[in-house]
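Colleague: This is the structure I want to talk about, given as structure tokens.
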Protein chains: 4
Amino acid sequence: MRTVCLFADWDPKPGFKLGPKDIDGKLTYLGSKVWRHPRVKIVEKEVPKPGPTEVLLEVKACGICGSDVHMFRAEPDGYIFYPGLTAFPCTLGHEFSGQVVEAGPLAINKRTGLPYEPGEAVCSEEMIWCSICRPCADGYPNHCERLQELGFSIDGAYAKYIKVDGRYLWSLEELRSLYGEEKMYLLGSLVEPTSVAYNAVIERGGGIKAGDNVVIMGGGPVGILACAILKRSGASTVIISEPSKPRREMALALGATHAIDPIEVNAAEAVLDITRGMGAKIILEATGMPSMVWPDIERIIWEGRGLNATVVLVARADDKIPMNGEVFQVRRAGVVGSQGHSGHGIFPHVISCMATGMDVSSVITKKIGLDQVEENLALLQCNPQEVKVTLMP
Amino acid sequence: MRTVCLFADWDPKPGFKLGPKDIDGKLTYLGSKVWRHPRVKIVEKEVPKPGPTEVLLEVKACGICGSDVHMFRAEPDGYIFYPGLTAFPCTLGHEFSGQVVEAGPLAINKRTGLPYEPGEAVCSEEMIWCSICRPCADGYPNHCERLQELGFSIDGAYAKYIKVDGRYLWSLEELRSLYGEEKMYLLGSLVEPTSVAYNAVIERGGGIKAGDNVVIMGGGPVGILACAILKRSGASTVIISEPSKPRREMALALGATHAIDPIEVNAAEAVLDITRGMGAKIILEATGMPSMVWPDIERIIWEGRGLNATVVLVARADDKIPMNGEVFQVRRAGVVGSQGHSGHGIFPHVISCMATGMDVSSVITKKIGLDQVEENLALLQCNPQEVKVTLMP
Amino acid sequence: MRTVCLFADWDPKPGFKLGPKDIDGKLTYLGSKVWRHPRVKIVEKEVPKPGPTEVLLEVKACGICGSDVHMFRAEPDGYIFYPGLTAFPCTLGHEFSGQVVEAGPLAINKRTGLPYEPGEAVCSEEMIWCSICRPCADGYPNHCERLQELGFSIDGAYAKYIKVDGRYLWSLEELRSLYGEEKMYLLGSLVEPTSVAYNAVIERGGGIKAGDNVVIMGGGPVGILACAILKRSGASTVIISEPSKPRREMALALGATHAIDPIEVNAAEAVLDITRGMGAKIILEATGMPSMVWPDIERIIWEGRGLNATVVLVARADDKIPMNGEVFQVRRAGVVGSQGHSGHGIFPHVISCMATGMDVSSVITKKIGLDQVEENLALLQCNPQEVKVTLMP
Amino acid sequence: MRTVCLFADWDPKPGFKLGPKDIDGKLTYLGSKVWRHPRVKIVEKEVPKPGPTEVLLEVKACGICGSDVHMFRAEPDGYIFYPGLTAFPCTLGHEFSGQVVEAGPLAINKRTGLPYEPGEAVCSEEMIWCSICRPCADGYPNHCERLQELGFSIDGAYAKYIKVDGRYLWSLEELRSLYGEEKMYLLGSLVEPTSVAYNAVIERGGGIKAGDNVVIMGGGPVGILACAILKRSGASTVIISEPSKPRREMALALGATHAIDPIEVNAAEAVLDITRGMGAKIILEATGMPSMVWPDIERIIWEGRGLNATVVLVARADDKIPMNGEVFQVRRAGVVGSQGHSGHGIFPHVISCMATGMDVSSVITKKIGLDQVEENLALLQCNPQEVKVTLMP
């Protein structure tokens, strides 16, 4: 079968030291310190054979994620942008849905409690948590000490087929009657990024009560999907701050009640104005530039009359955020970091929301085939017009 | 001014002992043990004069509550139905909105942080919590040790004017632009019963996560309003079980996704069927007959595959509920009691929901004048057709 | 190696229907409906060989649990008392500690993140949760849909050696320096029942704040161990209600601040007296006779001035508890069921408490050898003198 | 009666603008921007007369707080150090206990539910929350929009008598039998600062589960009292980091299990070493120099294997803390601000802890009379030897 595979050279930067879980020449937790000269090739591979707990899926849809773009993007010195866990060469693609083709006898369908049967529509977690380390045993799989990642360190879904352990799969069959087959699979490929947003605002941010106000800083896919989740959760005002007009419009279509262009207006003032001076219960930092938006975030908290704001950091950034503790003392506020999408009932809640009307498929602005993956990985390095580009192999 | 006043005779049943907070001949915490031969009269009273922390309101709308009906309803032996705190004669009426006519200088508007000004549209809590006892100081005003109740032990709102301490008022001005004046006040009179429902399912029931299923047992006003709140909170399925067809239809119009007639179908089976066997995260007991619906409630929990169900008891009943602990052990479930509507940000959250589209005004099925209160108190003793009858003085 | 094995005859009662997960002639979820004429034999078995994720332990200590006693105890008609999951013949014993003898390369020690090495002191969960069903994936292993149980449906620890998947083991090495080897293993065999208590009062009961009062109904091992945990958690008063004097004394030695003999005094009155009328934040039902103690429980809640009491049902019982909803409404109280000991960080928290001074080893009142298991299983059917009888093979 | 009164000149710095709640010449929320040339005088005042809801207390003990010191301390340009709410001249003193001398008929004793009677031993909150603004109504009195403060903007307790509204008082009678009269009052004067610590680690920090590890950065009174609370709450290790040896020793005596001198050792390394690499569940920033200790805090979180750390900022500081979001994402951690001591049942929980053995009276290192207040306010500006200096008028 044809697969879209990323290659790069193992060429550690000076001073790089192999980490305790790194494997020389093959796997590292610090990608941008090691991998150089990334290139994408279409590679022919054997269709994998599922083991007793595994499932073979025919891939139906697979979105391109920002991290795919960052693995393919090189700095001027040739090193890849993406800083995290990577093992190349690797078939990319981790936001996917597919149809069960074959399943091992111990691959249990959580929907039925019975082994998976061919034909079942499913989507998959991307985080291959071990289930036996301390964080996994305690119920925190997003912080597995022995994590692997589909499409980063294990072959992913830019391919005709993919093999996944049944543990990580979730049935999409609830979506079939409302949406039909094609849209079910498109939505299925969005369950992973929607779960990243759900984990951020609901699990880590503590959720909201119907009638609360929220602010989303940044209209990338996660920010936009967070709008949909928070509107669904009963927010009175869902304010997105995002400079790109098409993205603001998409956010408004999917759940935002107000959209701000932070280039044109002061975001804090606009939020205080829209909320009649109350501010917001959740402020999601989804720009990746926390230091830049931080003054606005603190001003919303400081001047907003509502207490108990939680700032959720979901976008990754190496910044030093200039936090003023008094703001958080006087306003009874806090900050939490958010990582991952697994556990805590997140996937099934997202699927349940979709099955009852939360149709976020319009974030997919372009559908492509396998041969177009490379050009779109390049295109997305500079083009904010497309929100989600999705492969339908 | 004309007021609708309830009179009854202080005639304690044999064995009744004056409680520690009762006042002989005047006030008791056990109404049905003391008060006999209730009758309603229209009584002329002076327009009250607000003190420094008080506000004089012109009443704009005041709903009839089941407890109003129960204070007026006599058992065959002449004693009133209503078992709680009462001091007669008393102007009835506690689900009300009104316009500020005059305000003391220390009556602070929570919306502005400044003294109330004439013209402000407001609604009111019914529970006159003291703010200084241990439960009040700890943040639990619904369990005030020195509670008084508007329309039960203090003159209420079936009148042209009412005097209320500013502490218990909440501005309705957020509703004005969306709904206009008349509907603003009608909705305002529904904030109190909606807050009873909000306290039950959100504060005491712990709320839900978007994508959860819920079941409401009983389609009285609180049950129907709970449907609106839970749909707003993102529930995937909101199932109401209620024998009256018009009430089922109203619930469906206001947020229920499914309605069951428990006379026609087995409620537990229907819930399990609708939820694909998952059951419900919150089950609200709002029938007042918990023993009757309990077998269904436990079966939903026991057979439902979802864990962590919370049964919320909101309707009052003197029943012994036959609870089987194993059901709650095996399914990781629980039961909580719910009382009141004050504190915890409930009123402002309800108003915020209404201001952003949660229009529950259709629960008001009839509007009446002062002269019609008595006949409607009588009518509602036997007629389930009307959901909420509202006085517009 | 010699093992203590329970045999019984598969002889379903009239009307028994094989459940969906039962296996004819071998395994049932409803033991007392099927198994007849239990008898214990010492059986010679092969030392098991650990697979890649498994560990072979030399058993160092294994407590006798009430369920062991109930599996061996026959009703007059010959059916066993124990109502739950069972597959006979089966080596009994599930409250155990042991030393690693041999380990598969994929059996990871949560303490180190590396494969288990011979010599490590460990204890084990008893619930063999599958890790892949919906409850396990969501973080609720105590409610696994595909549960097996060590010493009930899989060979247990009344033996020289036992084989356990590494997933269920927790290192005891933290205890070694404080307690020395023998006591480390004795305490290790108590981690499982202590975790049952911890799950009940901390995880399910919501824990307490330092300065709260608590009541424990029933001084069996779980009740006594709950005293130790709640005292450790900062309770101001820990009141145990238990008719047996030696058990009351043991509870006092391990953390209870007050002990009541409910035969001699009214438990509710005593609790209200001791707590100066405040009542209790947590009331643990650990008697197995909830209907009998329920009037006291509700009176403590009703008359206690403290709000927010949580009744935790941990002991199993087939009762119909006569619950009065008003008590829970007026006092802002609730009831939860508790099952199991796995997940939620419970085992490592219990071990951490033991490692820093929570020495509960005195609940072990008798130490025996393999040959004495049968007579002690018989003795414990009627003798409340012994609290915990522990095998040291 | 004689009172210790602070005088200063209203001399706003250039650019200072009167705030919305400031009163020209009299009261400001920004003390250090306005008040100049502070001086302390002993002033004769009338014994105040309690109103209907008020209580007259004979002051028995009153601690000197850091903010007292900062009100008296001048910068080189003559402006006071203390940046917050102040109205001079004002009798200082807010950490106090006293005996009821006279009480208004509506001053209710939360202990009995009845009016206060002479002789009752009480302590007092310092925050005079209004009970009617939005934060107060919602249950957050520490964030009252109309706050006054005893000893800052209202006459405090460095006096023979003080008048306080009954709302803010809490009975100390629970302490009498264990401690006797004098120690009861000394402990009573410590309830306020202990409640600041309790609010920080329990209410805002979310508390701990028995068996958790915690770190306290800074051994001032709040840090030391936090050690006592967290040890009482069941922490396995309570690590204090503090350069002053006597303060470390006091912390060890009151609940810390380990003490670090951050001048001598790296605090992060020491914490990781003591906790066997696990890190801490709560890290309390009580130094007032958050930027300085932040690298250690983030390293404890980043390298600690335990997840879910909460950093609680309790000390005030105008710093920009250099926060790295990735640390909080990868380790599932968060930061919260903490302010105040009122509400949430904090005072009665602290008193309950003291009544059952949490004797923190040894933080009082010196007892003085009225005439020695001024010299000790000066002394404490530079002398870290004394932890708590307490006036016994």
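The values are calculated or read from the model by the stated rules, or taken from the named source; none is laboratory data. This structure is a prediction, so every number in the text was calculated from the model and none was measured. Note that each Cβ is placed from the backbone with ideal geometry, even for glycine, and that neighbours are counted across all protein chains shown. Protein only, heavy atoms only, side chains kept; ligands, DNA and RNA dropped before computing areas. Shrake-Rupley method; radii C 1.70, N 1.55, O 1.52, S 1.80 Å.
Colleague: Any chance the range B:286-307 includes a residue that's among the aliphatic types (A, V, I, L, M), touching a Pro at 6+ places or on another chain (Cβ under 8 Å), within 11 Å of chain C (Cβ to nearest Cβ) and touching a residue at least 12 places away in the same chain (Cβ under 8 Å)?
Modeller: So far as the range B:286-307 goes, yes, one or more of its residues are among the aliphatic types (A, V, I, L, M), touching a Pro at 6+ places or on another chain (Cβ under 8 Å), within 11 Å of chain C (Cβ to nearest Cβ) and touching a residue at least 12 places away in the same chain (Cβ under 8 Å).
Colleague: For the range A:308-393, please list each of the helices (runs of 4 or more DSSP H) lying entirely inside it that holds at least 1 residues being farther than 15 Å from residue D:336 by Cα. It would help to see each step written out before you state the result.
Modeller: Details: elements: A:325-330, A:346-355, A:373-379.
Once the helices (runs of 4 or more DSSP H) in the range A:308-393 are filtered for at least 1 residues that are farther than 15 Å from residue D:336 by Cα, what remains is A:346-355, A:373-379.
Colleague: Looking at (1) β-branched (Val, Ile, Thr); (2) open to solvent by 10 Å² or more (accessible area, probe 1.4 Å); (3) away from chain B (no Cβ under 13 Å), which one does residue A:240 not meet, given that it meets all the others?
Modeller: If we test residue A:240 against (1) β-branched (Val, Ile, Thr); (2) open to solvent by 10 Å² or more (accessible area, probe 1.4 Å); (3) away from chain B (no Cβ under 13 Å), just (2) comes out false.
Colleague: While we're looking at this one, here's another question. May I ask you to verify whether residue C:25 is open to solvent by 50 Å² or more (accessible area, probe 1.4 Å) and on the phi > 0 side of the Ramachandran plot? Spell out how you get there, then give the answer.
Modeller: Numbers: open to solvent by 50 Å² or more (accessible area, probe 1.4 Å): no; on the phi > 0 side of the Ramachandran plot: yes.
No: the conditions fail for residue C:25.
Colleague: Let me ask something additional. Can you tell me how many residues within the range C:308-322 are facing chain B (nearest Cβ under 7 Å) and open to solvent by less than 20 Å² (accessible area, probe 1.4 Å)?
Modeller: So the count comes out to 3.
Colleague: Restricting attention to the range A:64-86, which residues are out of contact with any helix residue (DSSP H, G or I) (no Cβ under 9 Å at 6 or more places or on another chain) and either open to solvent by less than 30 Å² (accessible area, probe 1.4 Å) or in a strand (DSSP E or B) (or both)?
Modeller: Within the range A:64-86, the subset out of contact with any helix residue (DSSP H, G or I) (no Cβ under 9 Å at 6 or more places or on another chain) is A:67, A:74, A:76-78.
Correct list: A:67, A:74, A:78.
Colleague: Taking residue D:295, is it farther than 20 Å from residue D:205 by Cβ and in a helix (DSSP H, G or I)?
Modeller: Values: farther than 20 Å from residue D:205 by Cβ: yes; in a helix (DSSP H, G or I): yes.
Yes: the conditions hold for residue D:295.
Colleague: Can you tell me how many residues in the range D:369-387 are among the aliphatic types (A, V, I, L, M), more than 17 Å from the chain's Cα centre (by Cα) and open to solvent by less than 10 Å² (accessible area, probe 1.4 Å)? Spell out how you get there, then give the answer.
Modeller: Keep residues of the range D:369-387 that are among the aliphatic types (A, V, I, L, M), which gives D:370, D:373, D:377-380, D:387.
With the extra rule that they be more than 17 Å from the chain's Cα centre (by Cα), the set shrinks to D:370, D:373, D:378-379.
Next, from what is left, pick out any that are open to solvent by less than 10 Å² (accessible area, probe 1.4 Å): D:373.
Total meeting the criteria: 1.
Colleague: So residue B:325 ticks every box in (1) small (Gly, Ala, Ser); (2) free of Cβ contacts under 8 Å to residues at least 24 places away in the same chain; (3) surrounded by fewer than 21 Cβ atoms within 10 Å (Cβ to Cβ) but one. Which box is left unticked?
Modeller: Tallying (1) small (Gly, Ala, Ser); (2) free of Cβ contacts under 8 Å to residues at least 24 places away in the same chain; (3) surrounded by fewer than 21 Cβ atoms within 10 Å (Cβ to Cβ), residue B:325 fails exactly one: (3).
Colleague: Can I ask one more? So how many residues does the range B:255-275 have that are within 14 Å of another protein chain (Cβ to nearest Cβ) and open to solvent by 20 Å² or more (accessible area, probe 1.4 Å)? Working first, answer last.
Modeller: Start the filter on the range B:255-275 by keeping residues that are within 14 Å of another protein chain (Cβ to nearest Cβ), which leaves B:255-258, B:274-275.
Filter once more, keeping what is open to solvent by 20 Å² or more (accessible area, probe 1.4 Å): B:257-258, B:274.
Within the range B:255-275, residues that are within 14 Å of another protein chain (Cβ to nearest Cβ) and open to solvent by 20 Å² or more (accessible area, probe 1.4 Å) number 3.
Colleague: Also, I was wondering about something else. So, of the residues in the range A:212-232 that are open to solvent by 10 Å² or more (accessible area, probe 1.4 Å) and within 14 Å of another protein chain (Cβ to nearest Cβ), which turns out to be nearest to residue A:340 (Cα to Cα)? Working first, answer last.
Modeller: From the range A:212-232, those open to solvent by 10 Å² or more (accessible area, probe 1.4 Å) are A:212-213, A:220-222, A:231-232; that's our starting set.
Restricting the remaining residues to those that are within 14 Å of another protein chain (Cβ to nearest Cβ) gives A:212-213, A:222, A:231-232.
Values: A:212: 25, A:213: 24, A:222: 12, A:231: 21, A:232: 21 Å.
Filtering the range A:212-232 for residues that are open to solvent by 10 Å² or more (accessible area, probe 1.4 Å) and within 14 Å of another protein chain (Cβ to nearest Cβ), the one nearest to residue A:340 (Cα to Cα) comes out as A:222.
One line per residue, one yes/no per condition, for (1) in a helix (DSSP H, G or I); (2) open to solvent by less than 20 Å² (accessible area, probe 1.4 Å):
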{"position": "D:176", "(1), (2)": "yes, no"}
{"position": "D:184", "(1), (2)": "yes, yes"}
{"position": "D:189", "(1), (2)": "yes, yes"}
{"position": "D:192", "(1), (2)": "yes, yes"}
{"position": "D:199", "(1), (2)": "yes, yes"}
{"position": "D:203", "(1), (2)": "yes, no"}
{"position": "D:209", "(1), (2)": "no, no"}
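Colleague: Scanning for something within 14 Å of chain B (Cβ to nearest Cβ), touching an Asp or Glu at 6+ places or on another chain (Cβ under 9 Å) and part of a helix (DSSP H, G or I), does the range D:119-134 turn up at least one residue? Step through it out loud before you land on a result.
Modeller: Taking the range D:119-134 first, the residues within 14 Å of chain B (Cβ to nearest Cβ) are D:122-125, D:127-134.
Among the residues that remain, those that are also touching an Asp or Glu at 6+ places or on another chain (Cβ under 9 Å) are: D:122-125, D:127-128, D:130, D:132-134.
Filter again for part of a helix (DSSP H, G or I), leaving D:134.
Yes, the range D:119-134 has at least one match.
Colleague: Could you pull out the residue among D:365, D:390 that is in contact (Cβ under 8 Å) with a residue 12 or more places away in the chain and open to solvent by 20 Å² or more (accessible area, probe 1.4 Å)? Before you say what the answer is, go through the steps one by one.
Modeller: Numbers: D:390 fails: open to solvent by 20 Å² or more (accessible area, probe 1.4 Å).
Sole residue among the options that is in contact (Cβ under 8 Å) with a residue 12 or more places away in the chain and open to solvent by 20 Å² or more (accessible area, probe 1.4 Å): D:365.
Colleague: I've got another one for you. Look at the range A:126-143 and say how many of its residues are within 16 Å of residue C:348 (Cβ to Cβ) and open to solvent by less than 30 Å² (accessible area, probe 1.4 Å).
Modeller: Qualifying residue count for the region: 8.
Colleague: Filter the range A:87-118 down to residues that are assigned to a loop (DSSP other than H, G, I, E, B) and more than 22 Å from residue C:141 (Cα to Cα), then give me how many there are. If you could, list the steps in order and put the result at the bottom.
Modeller: First, pick out the residues of the range A:87-118 that are assigned to a loop (DSSP other than H, G, I, E, B): A:88-89, A:92-94, A:104-107, A:110-113, A:116-118.
Within this subset, residues satisfying the condition of being more than 22 Å from residue C:141 (Cα to Cα) are A:88-89, A:92-94, A:104, A:117-118.
Summing the residues that are assigned to a loop (DSSP other than H, G, I, E, B) and more than 22 Å from residue C:141 (Cα to Cα) in the range A:87-118 gives 8.
Colleague: Within the set of pairs 6+ apart or on separate chains, which have a first residue in the range D:46-65 that is polar (S, T, N, Q), a second that is open to solvent by less than 50 Å² (accessible area, probe 1.4 Å) and modelled with pLDDT of 95 or more, and C-beta atoms under 9 Å apart?
Modeller: Sorted first by the residue in the range D:46-65, then by its partner, the pairs are D:53/B:132; D:53/D:104; D:53/D:107; D:53/D:108; D:53/D:165; D:53/D:166; D:53/D:167.
Colleague: Which condition from (1) out of contact with any Cys (no Cβ under 8 Å at 6 or more places or on another chain); (2) more than 23 Å from residue A:25 (Cα to Cα) is the one that residue A:136 breaks?
Modeller: (1)
Colleague: Still on this structure, I have one more. Quick one: residue D:299 ticks every box in (1) in contact with a Lys or Arg (Cβ under 8 Å, 6 or more places away or on another chain); (2) open to solvent by 20 Å² or more (accessible area, probe 1.4 Å) except a single one, so which number is it?
Modeller: Of the numbered conditions (1) in contact with a Lys or Arg (Cβ under 8 Å, 6 or more places away or on another chain); (2) open to solvent by 20 Å² or more (accessible area, probe 1.4 Å), the odd one out for residue D:299 is (1).
Let's see how each residue does on (1) modelled with pLDDT of 95 or more; (2) within 30 Å of residue C:223 (Cβ to Cβ):
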{"residue": "C:32", "(1), (2)": "no, yes"}
{"residue": "C:42", "(1), (2)": "yes, no"}
{"residue": "C:45", "(1), (2)": "yes, no"}
{"residue": "C:80", "(1), (2)": "yes, yes"}
{"residue": "C:89", "(1), (2)": "yes, no"}
{"residue": "C:95", "(1), (2)": "yes, yes"}
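Colleague: Please work out which residue is surrounded by the fewest Cβ atoms within 10 Å (Cβ to Cβ), limiting yourself to the range C:144-164 and to residues that are of a type in the set (Phe, Trp, Tyr) and under 19 Å from the mean Cα position of the chain (by Cα). Before you say what the answer is, go through the steps one by one.
Modeller: Here is the first cut: in the range C:144-164, the ones of a type in the set (Phe, Trp, Tyr) are C:152, C:158, C:161.
From what's left, under 19 Å from the mean Cα position of the chain (by Cα): C:152, C:158.
On the way: C:152: 26, C:158: 29.
Across the range C:144-164, the extreme among qualifying residues is C:152.
Colleague: Also, quick follow-up: Taking the condition in contact (Cβ under 8 Å) with a residue 40 or more places away in the chain, more than 13 Å from chain C (Cβ to nearest Cβ) and open to solvent by 10 Å² or more (accessible area, probe 1.4 Å), does residue B:278 pass?
Modeller: So residue B:278 does not fit the description; no.
Colleague: Related question: Does residue B:169 count as open to solvent by less than 10 Å² (accessible area, probe 1.4 Å) and at pLDDT 95 or above? Working first, answer last.
Modeller: Values: open to solvent by less than 10 Å² (accessible area, probe 1.4 Å): yes; at pLDDT 95 or above: yes.
So residue B:169 passes the test.
Colleague: So is residue D:376 polar (S, T, N, Q) and out of contact with any strand residue (DSSP E or B) (no Cβ under 8 Å at 6 or more places or on another chain) or not? Walk me through how you get there before you give the answer.
Modeller: Working: polar (S, T, N, Q): yes; out of contact with any strand residue (DSSP E or B) (no Cβ under 8 Å at 6 or more places or on another chain): no.
Against the criterion (polar (S, T, N, Q) and out of contact with any strand residue (DSSP E or B) (no Cβ under 8 Å at 6 or more places or on another chain)), residue D:376 does not qualify.
Colleague: How many of the residues making up the range A:88-106 are more than 11 Å from residue A:57 (Cβ to Cβ) and open to solvent by less than 10 Å² (accessible area, probe 1.4 Å)?
Modeller: Residues of the range A:88-106 more than 11 Å from residue A:57 (Cβ to Cβ): A:88-95, A:104-106.
Among the residues that remain, those that are also open to solvent by less than 10 Å² (accessible area, probe 1.4 Å) are: A:90-95, A:104.
So the answer is 7.
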